[in-house]
Each structure stands twice: as C-alpha cells, then as structure tokens.
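The values are calculated or read from the model by the stated rules, or taken from the named source; none is laboratory data. On a predicted model such as this, the values are computed, not experimentally measured, just so you know. Cβ: placed from backbone, ideal geometry, glycine included. Neighbour counts: every protein chain shown.
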Amino acid sequence: MNNFHKQNITKIKGDASFREFYRKKNHKFTSIIVKANKEKEKNLLIYDSINRILNKNKIFAPKLYIEKYNKNYIEIQDFGDKTFYRLLKKKNNKFIYFKKIIEILNQIQSIKDRKIKNFKNKNYTLPKYDKKVLIKEANLFCNWYTKKKLLRKDKIIFNREFKKIIKKLSLSLQLKNNVFVHRDFHVSNLMLIQKKIGVLDSQDALIGNKAYDLASLVDDVRFKTSYPLKKKIYNYYLKTNKRINQSKFKNDFEILSVLRNLKIIGIFTRLAIRDNKKNYQRLIPHAWELINLRVKHNKIFKDLLVLFEKFFKKQIV
C-alpha cells in the first residue's frame, strides 16, 4: 500500500482469503480499502457485484466508493467492527439476535436478481451451486486433511471410499438449486449498523439450495452454540417458511452441514500448510464436533460413519 503511506491508513484484521483490509480515516469519515493481488476478479469485481445485488434488494452490504482495479484495490463503505460474533459472545439471550438474523436470511433468499452490471459495466451472472461444485469442495477434506493425517496406503483406501460416499450424499439432496446462497452466512460476517444488519464477505454467492445458509449459521465452526439453541434457530426458520417440505429440508440441511464442515476442515488444513495461516487449525476440533452431531443420528450417514470409525476413530467420539 505504498501509494497510501502519507494518508491515515491502518491495516485491520484479515480473513481466510487472499485479501488485505485497511481502514482509511479522513477527518470523521472512514472507509475500507480491500486489496487483492491474487484472485482479484473474485475478491474485488465479483465481491462488489454481489454487494450491488444485495443493496438493490434493500440488504445492507458495503457500497463502492472508488475502484482502482488496475492497482488491485477497491475502496468501500466501512461497517465498523460490531460483528454479531462479538455481540453474541457477551449476550445471554442469544435467540433474540438469531431471530433478527433469520429475518435477513429470509430476505436474502427472496432475491430474484440473477445478474447485475459490475463496475466495468459488464453483466455478472450468479453461477449455479451444482453437485459438481459441492463434491469438489467436500473433496478438499481428502486433498489436504487426509494427506496430512493418514499413511499413504490408508490414504488411498480412505480417499477412494470417501469420494464414493460424498457423491452418493450429494445425489441424495432433494431441494432445487433455486435460491440466492450467500455461502458464508455466519455471525462473523454479519454486522450491527445502527440497529440494522449489514452483510459482509459475499463474493462466493451462488444460486443453490435453500438449506445451505441455514446450515452455515446453525452449525457455525467459528461460534459455538448449544444443541437446544441450534434446534430453536432451526425451528424458528421453519416457522417463518411454512411452505417448505420439512422432511426434504431436514435431509438437505444435515447433508449440507456435514459436507460444508468437511470442506472447512480441508480449507483450514490447506491454509496452515500452503499459506502458513495456522490459527485456523484450532477450529478443526469443533468442525469434527459438528460433523459428529449430524452423522450420529441419521442413517443416511451410515457408510461415512463406518469409514470415519475405521480411519478417524479419535475424531468420531
């Protein structure tokens, strides 16, 4: 950021992506500079495109102030630092806040826009979250985690079986891919802005399964919640979506929760090995707890459970 060194700019905490974030102060006005030397199309151009769709639908997402795409950065609205993660850590009656979050989720899922003009004045169309993408993501578990944890012979056997099971699970999903999916919808990406909720980190949004974002929220690897609270949030969502086929939704919610947390274990291992971001590894035991929570009580996961009990006995408790 050497071209900013004379201005009042401070680096702020980043995330698991290749982006860097800076807060820029100009008297009382602040903004955020998002810098991306890698994957800049996704992290800058697509990120702003999704934010435009959200804002068009009256959902708070950071607005673009300046784009310097040729210099690998954009300047956007500053939502401050009151994440729901920080807020909920301090509060006892967490359910009140989760009810407000469910209202925003319902609003997001009612978005009908599938394309928008980006800041290059070209159309950006939201891709479909098809089964191939889902399978590829879950396979990050064996590409990185089993690679690190298992001996070569065991790894070959495990990966072969795992890939068959994941394919079968993804084919067992019953709902259509027909709603706006944020894809990282959890309390660390939701901000409190003057009694309203702001949404961050939306660059991975796709058109996908209605159960996915609820699974991200309820079985959140970063924020621990009790099983009774998980059930309460889940039931409140159903109460506000009366036309849902509940058995199909439950089927998909549990499959997507497990696939998502397998993907997360793979990603966090990759961050430690490839990118030297080791702090995410501390969240892996909780991801395993969330997988345990779902696979133990649903026959659809019988084969996966048998495989885990054979190769990951310590993690399946």
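A few remarks follow.
- Residue within the stretch 230-242 that is aliphatic (A, V, I, L, M) and within 22 Å of ARG282 (Cβ to Cβ) present: no
- Conditions (1) β-branched (Val, Ile, Thr); (2) modelled with pLDDT of 95 or more; (3) not assigned by TED's automatic domain parsing to the domain that holds ILE233: number failed by ILE102: (3)
- Residue in the stretch 78-89 that is surrounded by 20 or more Cβ atoms within 10 Å (Cβ to Cβ) and assigned to a helix (DSSP H, G or I) present: yes
- For the stretch 26-63, a residue qualifies if it is free of Cβ contacts under 8 Å to residues at least 24 places away in the same chain and under 30 Å from ASP275 (Cα atoms), and the qualifying residues are LYS38, GLU39, GLU41, LYS63.
- Segments classed as strands (runs of 3 or more DSSP E), wholly inside the stretch 119-236, with at least 3 members that are out of contact with any helix residue (DSSP H, G or I) (no Cβ under 9 Å at 6 or more places or on another chain): none
- Filtering the stretch 22-74 to residues that are on the phi > 0 side of the Ramachandran plot and at pLDDT 95 or above leaves LYS58, ASN72.
Residue-wise test of (1) surrounded by fewer than 17 Cβ atoms within 10 Å (Cβ to Cβ); (2) under 24 Å from GLN281 (Cα atoms); (3) charged (D, E, K, R); (4) not assigned by TED's automatic domain parsing to the domain that holds TYR227.
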| position | (1), (2), (3), (4) |
| --- | --- |
| PHE98 | no, no, no, no |
| ASN106 | yes, no, no, no |
| ILE116 | no, no, no, no |
| ASN123 | yes, no, no, no |
| TYR129 | no, no, no, no |
| TRP144 | no, yes, no, no |
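- Candidate set: the stretch 246-270, residues that are of a type in the set (S, T, N, Q) and in contact (Cβ under 8 Å) with a residue 40 or more places away in the chain; chosen: the one surrounded by the most Cβ atoms within 10 Å (Cβ to Cβ): ASN261
- Qualifying residue in the stretch 9-22 (condition: under 19 Å from the mean Cα position of the chain (by Cα), among the charged types (D, E, K, R), surrounded by 13 or more Cβ atoms within 10 Å (Cβ to Cβ) and part of a strand (DSSP E or B)): yes
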